[in-house]
Amino acid sequence: MVVFKEVAFSNEKYLLITDSDGDSGDKGTKLLVHPPIQGSYSGKWPSHQYPELKNWSLDLPQDDGTKVHSLKSLIHDKEPRTTPFQTLGRRIIDGDAHWGPSLRLSGAFSYIENYWEWLEDILGRNKQELRENCLFDALYASLFTYDRNLHVLRAFCEAWCPDTNTLHTSVGELSLSLWDLHKLGGLPIIGGIYEEVIPCAEELTGVNEKKLRHIPQSCEYLFAALHHLQRGESNKAGVSADQWINFWFKGKTRYSKPKQRRIKRASRAQATQNPDGEIGQPRKFSSQDNGVFNTIGVKLHLREESYLAAFISCWLCVFVLPDEDPHYIRPSTFKMASMMAAGRKTCLAVPVLLSIYRGLDKISNSATPGCARAAFPVHYVYAWLASYFSTHYSTPNTMPGPTMTNYSGEGGARYFDENSARDLIHQGDKVTWGITSLVKNRNELFIDDGKLANLELSYFVSACSNYLVLHAEGDFLVEPYSPYRFARQFGFYQVPPQELGADVRSTNYDLSRILWRTAIRSKTESKILFPSYPLNASKHTSSGFQTWWSTVHDDYLLKGRDTLIKSIQSSGEQKRSKGKELANLNNLSKVDYSLEMKQKTVRNEKEILKSSNNKVATLEDLTPNEQFSKGTSVRLPSKIVKAIDHDSCNSHEEKRSEPFDEEDEQSTSTDQHWKRKKSKLDDQDLIFIDDGEPSQISVEGPTAFELLAKQVISSTQQMGASENSKKAVEDGNVIQQITPQKVEHMTPSAQKKLKIFDPPSWPRAPRVSEFCPQNVISTCRRDYIQMLWNNLRVMISQTALERMPALEMKANEIIEEMQSFNAADISNLQGLLKAFFANAARYVAVKSSLSNKIPAESYDELLSTATQHLRDAQSKERQQAEKISTHMLKLKEIDREEVELRKRLEFLDTHRKETLSLLREEQDDLTRVQGVMVDLQNEVRKIENSPPLLAEESQTLDKMQALLESNQKELSSFEF
């Protein structure tokens, strides 16, 4: 057993845990105490109350005589904003922020040894209790990991506005709501306050006037376990999640650390390395388990509760509210964990949403958001994106837990490149509105009169704009919550929103309690009329909103996309790329030289080029013949890799300047867990040069390169190529060699006019009779230009026609680099490329304009099929609506019966108490009567045991009495 004391140091109170009363403070565990905002030790609650809105919805008449319903707010009372909002995307475009090559987060859930085994044991043991406590689904969600696409996450952060805590898209604002967290993650909304504090010794161990404990005793055992694990630790840094799990859980390990997968798939894998979600029978406590309980003195009847409390504290730290180091246990969670394990319902949606808002704000306000290391439960954001933007594949089988589990597992995230991810998020035209809405096909009036079911009350609270509050170890954090700004998610008509009256982000002790009470209100008699969900929620806005939004938003994210993408490259990457390119030139000049010539060349090149000491050459490990063999993997310079539109080069360089960060990984279409380290060399950094077969990523039909080659021939016929241009073609310095396999697809006339070149033995050794530095330099420059063009033509040949306009800027960058050496005339090539990209742009524009049109031969069939599907869906909707209506009526009838039964129960309870009182009085009377009866029974037995007096004996007695009386008189009158 341990001893809990309260000590003071530097005007601060500490909870001191020691093994015995005699132990000094330096041998114990000392934890800083903060006053709670709830419970017996919180003091009297302030009497001030925020005003209440009696009606949170507003009817707006329309020109056609109909009415629409908008949402009102109590905390927004300033005029709508007229200036642009400051988002991360705008700051990057303005040059005030820079992404960098990575995005590091500290709150994403990942594999922890024995965590899943412990969770399955907990769910099996406490299924009924956890369901009653509204925790089962929330705990079940942590039975899986959640994948991400890095490009989607970056696009999401770029559009996030920290001032409004909303996502800004071309169609307006969206955001994560309390209801989303409840629906997606199973987090309860209705319940007591959640806070993280260390209780004082008296609160931890004491009882109130009713002899009830202030805090469940299981909390003592959690602190005892913490002290036991920290005993002997010199730094007292804390207890890791691994230590905590290994101390409490003594079952068998069934889930090993998943291995990295590199299998590419076009769709989600059918199996992952996550648990299957089946909850089996709980195991019996073993002698090892009992040994743990005995070590910290857990009483027999409190072992199940303490076991559950220990897991909940771990769950809160690693999944629900992770901090900057989510792999450590926070003792400030012990109080809430023990209370939840004892059956107390607790609101978790509010602190989790505040944590998410806070983390996104940190990223948005950082000058280097990729290195902000924001700590928040980002897996809930992944689930929200999966629901609203379809960023994830659904699991093959529907999971029995909350909605987010249907998007779980490695490889669950769909692949989006940098452009498609920003199209998806920034445009917002593919949002699935109403995916979590409770009200669907008819208007419903919710009145907060104490009769709403828990689900309806949660939905009611989620639609009310307020402030989210979290008290964590003396810090009182506040974030504004404004469903008023994203009312379409609840089916309301969106109007230009007013601004916050007070933008509060932190507060004091008393105001935090007032704000909390206001946020999670009940029995206020307020009402909200939730409208039936509109068919096209994205356009369910007023004309005034559309005008206002075009003014403050102006689609700047779409206009500044190139700047956003370029900011992903680190500032030092260009320097490294230039150094590697110079090193490439240095290596090219060394091919096939004699030893003496090599030494002279190296010395002169070092003097002229001042090359860096970087020893990694682009093709140094390949012989000239190997470099252009079929299917050879060629490592390109970083500048070229950047132009191929991949995520980042320096994350795959030969060495990293800092330890590996799991969050740096890019999401791809591969079936792998995004938390696992990738290999140093990624497929995306390799360009496959193939002399014969078409590329795997090229489109069907003629490739982009073949179109370019035909355009070269056509241009030469029509305009007449200059002698310099012809010579450049013959030298192979401008146009890529056309292989015999590709010539087969050309017309006969084109084949006659096109010279077939053999693959060059590049890099070529210069032909010199004596050493001449200028010749060496000139040759190296031409070879470098040749290398640049070879890579550019590969890029052109492997790029789909639809993506060709996006390649133009990258091609111009390479052409500018080639032109800077002045080693060859590339003006003709520039003209050809310019014309080609202009034609490509026109092609994309025409194709885009025709993309929405349907071929005439299939129009009627498609229309008929779609119409029939719509009729079927409408029929099913009506049937489902009727079923829902029937169930709602039944539910309301049940609620009415429940109220009547409760009243009847109260009456019966009162009548029972009165009857019990009368019964006790009658029992007392009965006891008294029974006492008299016993006395009478004794008297009867006494009489029965006595013989009867006979008549003769009675007469004799009478005679003796008369004689005696006569003698008495004689004696009384006798005189001497």
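The values are calculated or read from the model by the stated rules, or taken from the named source; none is laboratory data. Here the structure is a predicted model, which means the values were calculated and not measured. As a convention, Cβ positions derive from the backbone with ideal geometry for all residues, glycine included, and neighbour counts pool all protein chains shown. Heavy atoms of the whole protein, side chains included, go into the accessibility calculation; ligands, DNA and RNA do not. Shrake-Rupley method; radii C 1.70, N 1.55, O 1.52, S 1.80 Å.
Give me the residue from the stretch 483-508 that is among the aromatic types (F, W, Y) and open to solvent by less than 10 Å² (accessible area, probe 1.4 Å) and, out of that set, nearest to P531 (Cα to Cα).
F492
From G560, G501, G491, grab the single residue that is within 30 Å of the chain's Cα centre (by Cα), modelled with pLDDT of 90 or more and either of a type in the set (S, T, Y) or closer than 30 Å to L348 by Cα (or both).
Result of the check over G560, G501, G491: G491.
Kindly indicate whether any position in the stretch 25-41 is without any contact (Cβ under 8 Å) to a residue 12 or more places away in the chain and open to solvent by less than 90 Å² (accessible area, probe 1.4 Å).
No, the stretch 25-41 contains no residue that is without any contact (Cβ under 8 Å) to a residue 12 or more places away in the chain and open to solvent by less than 90 Å² (accessible area, probe 1.4 Å).
Assess whether E6 counts as being open to solvent by 50 Å² or more (accessible area, probe 1.4 Å), closer than 29 Å to P483 by Cβ and either not hydroxyl-bearing (S, T, Y) or not in a loop (DSSP other than H, G, I, E, B) (or both).
No: the conditions fail for E6.
Could you run through the stretch 140-179 and say how many residues are over 16 Å from L103 (Cβ atoms), assigned to a helix (DSSP H, G or I), among the aliphatic types (A, V, I, L, M) and out of contact with any Gly (no Cβ under 8 Å at 6 or more places or on another chain)? Reasoning before the result, please.
First, the residues of the stretch 140-179 that are over 16 Å from L103 (Cβ atoms): 140-145, 161-179.
Then drop every residue that is not assigned to a helix (DSSP H, G or I), which leaves 140-143, 178-179.
So of that shortlist, the ones also among the aliphatic types (A, V, I, L, M) come out as 141, 143, 178.
Still in the running and out of contact with any Gly (no Cβ under 8 Å at 6 or more places or on another chain): 178.
Count: 1.
Of the residues in the stretch 370-413, how many are open to solvent by 20 Å² or more (accessible area, probe 1.4 Å) and hydrophobic (A, V, I, L, M, F, W, C)?
The number of residues fulfilling the criteria is 3.
How do the pairs read when you match residues in the stretch 351-365 that are at negative phi with residues anywhere that are part of a helix (DSSP H, G or I) and open to solvent by 10 Å² or more (accessible area, probe 1.4 Å), using Cβ under 9 Å and keeping only pairs 6 or more apart or on different chains?
Correct list of pairs: S364/R91; N365/R91.
Can you tell me which residue is surrounded by the most Cβ atoms within 10 Å (Cβ to Cβ) among those in the stretch 81-93 that are in a loop (DSSP other than H, G, I, E, B) and in contact with a Cys (Cβ under 8 Å, 6 or more places away or on another chain)?
First, pick out the residues of the stretch 81-93 that are in a loop (DSSP other than H, G, I, E, B): 81-87.
Imposing the further condition that a residue be in contact with a Cys (Cβ under 8 Å, 6 or more places away or on another chain) reduces the set to 85-87.
Values: F85: 16, Q86: 15, T87: 24.
Looking at residues that are in a loop (DSSP other than H, G, I, E, B) and in contact with a Cys (Cβ under 8 Å, 6 or more places away or on another chain), I get T87.
So, R941, is that one open to solvent by 100 Å² or more (accessible area, probe 1.4 Å), assigned to a helix (DSSP H, G or I) and modelled with pLDDT under 85 or not?
yes
Which one of D59, D23, D77, D96 is of a type in the set (D, E, K, R), more than 29 Å from the chain's Cα centre (by Cα) and part of a loop (DSSP other than H, G, I, E, B)?
D23
Table: residues versus (1) in contact with a Ser or Thr (Cβ under 7 Å, 6 or more places away or on another chain); (2) more than 24 Å from I425 (Cβ to Cβ).
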{"residue": "L477", "(1), (2)": "yes, yes"}
{"residue": "S526", "(1), (2)": "no, yes"}
{"residue": "S538", "(1), (2)": "no, no"}
{"residue": "L564", "(1), (2)": "no, no"}
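What about T169, is it touching a His at 6+ places or on another chain (Cβ under 7 Å), open to solvent by less than 30 Å² (accessible area, probe 1.4 Å) and not charged (D, E, K, R)?
yes
Taking the stated definitions as given, is S849 exposed (fewer than 10 other Cβ atoms within 10 Å of the Cβ), under 38 Å from the mean Cα position of the chain (by Cα), free of Cβ contacts under 8 Å to residues at least 60 places away in the same chain and part of a helix (DSSP H, G or I)?
Answer is yes for this residue.
Is there any pair linking a residue in the stretch 233-260 that is closer than 20 Å to F144 by Cβ and part of a helix (DSSP H, G or I) to one that is open to solvent by 20 Å² or more (accessible area, probe 1.4 Å) and modelled with pLDDT of 90 or more, with Cβ under 9 Å and at least six apart or on different chains, and which?
Qualifying pairs under 9 Å: A241/Y328; D242/E113; I245/E113.
Pick from K539, K527: which is of a type in the set (K, R), farther than 20 Å from C347 by Cα and touching a Lys or Arg at 6+ places or on another chain (Cβ under 8 Å)? Spell out how you get there, then give the answer.
Numbers: K539 fails: touching a Lys or Arg at 6+ places or on another chain (Cβ under 8 Å).
Of the residues listed, the single one that is of a type in the set (K, R), farther than 20 Å from C347 by Cα and touching a Lys or Arg at 6+ places or on another chain (Cβ under 8 Å) is K527.
So how many residues does the stretch 247-270 have that are surrounded by fewer than 17 Cβ atoms within 10 Å (Cβ to Cβ), more than 19 Å from Y140 (Cα to Cα) and either aromatic (F, W, Y) or modelled with pLDDT under 75 (or both)?
Number satisfying all stated conditions: 9.
Within the stretch 221-246, restricting attention to residues that are under 30 Å from V207 (Cα atoms) and open to solvent by 20 Å² or more (accessible area, probe 1.4 Å), which residue is modelled with the lowest pLDDT?
The extreme case among them is R231.
Taking the stated definitions as given, is K834 open to solvent by 70 Å² or more (accessible area, probe 1.4 Å), closer than 29 Å to G560 by Cα and modelled with pLDDT of 85 or more?
Yes; evaluated as a whole, the condition is true for this residue.
Of the residues in the stretch 278-316, how many are under 21 Å from G401 (Cα atoms) and at pLDDT below 95?
The total comes to 5.
Can you tell me which of T867, T910 is out of contact with any helix residue (DSSP H, G or I) (no Cβ under 7 Å at 6 or more places or on another chain), closer than 30 Å to L452 by Cβ, assigned to a helix (DSSP H, G or I) and polar (S, T, N, Q)?
Testing whether each residue is out of contact with any helix residue (DSSP H, G or I) (no Cβ under 7 Å at 6 or more places or on another chain), closer than 30 Å to L452 by Cβ, assigned to a helix (DSSP H, G or I) and polar (S, T, N, Q) leaves just T910.
Just checking, how many residues over the stretch 353-378 are hydrophobic (A, V, I, L, M, F, W, C) and either in a loop (DSSP other than H, G, I, E, B) or within 26 Å of L204 (Cβ to Cβ) (or both)?
So the answer is 4.
Output the residues belonging to the stretch 327-357 that are crowded, with 22+ Cβ neighbours inside 10 Å and either among the aromatic types (F, W, Y) or under 24 Å from R91 (Cα atoms) (or both).
Correct list: F334, L354, S355, I356, Y357.
Looking at F136, F144, which is the one that is surrounded by fewer than 22 Cβ atoms within 10 Å (Cβ to Cβ) and either touching a Pro at 6+ places or on another chain (Cβ under 6 Å) or under 22 Å from S110 (Cα atoms) (or both)?
Answer to the selection: F136.
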